[in-house]
Amino acid sequence: MNRIKFLFVLFFLFFNVYSDTIILKDDQIFEADVKSFDSYYLVLKIQDNQEISIPWNEIKHIKHTTTAKNWMEDVYITSDDVEVTTLVTPLSNDIAFQRSLFPGLLIHGSGHFYAKDQNTGFTLLSAEIVSFILMTISFSEIISPVEKDQSFNMSKIIFYTGAAVFGGTWLYDLIFSGEAVKKYNQENNDKYIIRGDNNENSVRQ
């Protein structure tokens, strides 16, 4: 009898769990049931039997669990870089930090780009490019023979300045990308279709 009750509880808990995982091109992740689609939109059923339509060009990947994959999905899902305007679930601090680590080490500002803070992202990226130029020019002068010690010392100063800018912009992205995510989520809180912990498969904030 106890075993039957246990199975009934499990059935009750998991009966309405959505297992298909949808990933948008701005890395919003949420669970939904794929209901139907046409050549322009994918129709999904989320919590409370609510149905939403998302343009195919905003979708990055669909991981099917409860529904079967249709071969047309590979036709409609493209690698085109587009602005995602559909706000389903809040952005994640964890993903922002991961983006800041990599590819953020090579492309500074990646965490802020994820947080949709384009101005800060491009500022950090531009500063990284300048730092590379400074280090490249000064390094070539350091390793080449010089006649004047003053010129050698100036080259070292320029090189270390470039290195400091490089490290500083990367650390800024690591430290403050989470704040950018928090600000964006607060400004758009009333626009999200699924908010906070209502989506069991969304990445925790």
Starting from residues that are of a type in the set (S, T, N, Q) and either farther than 29 Å from Met135 by Cα or within 21 Å of the chain's Cα centre (by Cα) (or both), keep the ones in the stretch 161-189 and report whichever is surrounded by the fewest Cβ atoms within 10 Å (Cβ to Cβ). Gln186
Boolean, Asp94 is within 30 Å of Leu44 (Cα to Cα), among the acidic types (Asp, Glu), out of contact with any strand residue (DSSP E or B) (no Cβ under 8 Å at 6 or more places or on another chain) and not in a loop (DSSP other than H, G, I, E, B): yes
With the structure loaded, tell me whether Gly109 is surrounded by 12 or more Cβ atoms within 10 Å (Cβ to Cβ), within 22 Å of the chain's Cα centre (by Cα), on the phi > 0 side of the Ramachandran plot and at pLDDT 95 or above or whether it fails that test. yes
If the requirement is being of a type in the set (Asp, Glu), over 28 Å from Ala32 (Cα atoms) and either at pLDDT 95 or above or in a helix (DSSP H, G or I) (or both), which of these qualifies: Glu147, Glu128? Glu128
Do we find that His112 is part of a helix (DSSP H, G or I), within 20 Å of Trp170 (Cβ to Cβ) and assigned by TED's automatic domain parsing to the domain that holds Ala163 in this structure? yes
Quick test for you: out of Ser79, Ser100, pick the one residue that is small (Gly, Ala, Ser), surrounded by fewer than 22 Cβ atoms within 10 Å (Cβ to Cβ) and not in a strand (DSSP E or B). Ser79
Inspect the stretch 26-33 for any residue being modelled with pLDDT of 95 or more and outside the structural domain of Lys116 (by TED's automatic domain parsing) and give the result as yes or no. no
Please indicate, with yes or no, whether at least one residue in the stretch 62-70 is loosely packed, with under 15 Cβ neighbours inside 10 Å and assigned to a strand (DSSP E or B). yes
So Val43 clears everything in (1) closer than 24 Å to Ser92 by Cβ; (2) surrounded by 12 or more Cβ atoms within 10 Å (Cβ to Cβ) except one condition, right? Which one? (1)
Consider Thr136 carefully, then state whether it is at pLDDT below 95 and touching a helix residue (DSSP H, G or I) at 6+ places or on another chain (Cβ under 9 Å). yes
Of the residues in the stretch 53-70, how many are over 21 Å from Asp81 (Cβ atoms) and of a type in the set (Lys, Arg)? 2
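The values are calculated or read from the model by the stated rules, or taken from the named source; none is laboratory data. What you see is a predicted model; the values in this text were computed from it and never measured. Counting neighbours? That spans all protein chains shown, and the Cβs are built from the backbone with ideal geometry, glycine included.
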